[in-house]
Amino acid sequence: MQMRRHTFKKEERLKSRKIISELFESGNIIHSYPFKVLFKYSNTENFINPAQFATSVSKKNYKKAVDRNRIKRKIREAYRLNKHLLYEILNQNNQKLYLFVIYTAGQDLDYEIIEKGLKIVFQNLDNKTTNN
């Protein structure tokens with residue numbers, strides 16, 4: 001049995017302002033409670049991992065940075081522990097993906113709900129991938 005390392009390395013983070021603005025201008029959108037997900041498939045070979053990921057929490061809904069940061073930590077942790085599901089989908093279809101997750105719920109949800117929501121997002125991405 002192979003041990004899977006659950007890491008979230010620098011190369012897996014989506015930090016490019018150019019790519020993020022592309023996502024907002026021409027990316028595809030999935031609404032899946034508690035998230036709005038912007039994604040775009042890429043044909044470039046310049047990044048090693050199958051996906052690059054970023055997350056955001058609205059300052060309008062959560063005034064305190066402490067609250068926003070706690071929610072972002074929960075989302076990143078859920079992604080870190082479950083990204084292998086997304087990677088399997090992308091590797092099967094030989095695709096690269098940019099993924100930007102926006103938290104839309106009105107209250108700070110439990111980690112289990114966030115994790116379940118992220119898994120549903122991965123399933124929706126799988127459905128979008130197989131339909132294309």
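The values are calculated or read from the model by the stated rules, or taken from the named source; none is laboratory data. Fair warning: this is a prediction, and the values are worked out from it, not measured in the lab. Every residue, glycine as well, gets a Cβ built from its backbone with ideal geometry; the counts of neighbours run over all protein chains shown. When the accessible area is computed, the model is the full protein with side chains, heavy atoms only, and any ligands, DNA or RNA have been set aside. Shrake-Rupley method; radii C 1.70, N 1.55, O 1.52, S 1.80 Å.
Kindly indicate which of Leu81, Leu38 is among the aliphatic types (A, V, I, L, M) and open to solvent by less than 40 Å² (accessible area, probe 1.4 Å).
Leu38
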* **the range 100-124 - residue that is closer than 22 Å to Arg4 by Cα and among the hydrophobic types (A, V, I, L, M, F, W, C) and, of those, surrounded by the fewest Cβ atoms within 10 Å (Cβ to Cβ)** => Ile120
* Among the residues of the range 84-99, which ones are buried (at least 17 other Cβ atoms within 10 Å of the Cβ) and part of a helix (DSSP H, G or I)? -> Leu86, Ile89, Leu90
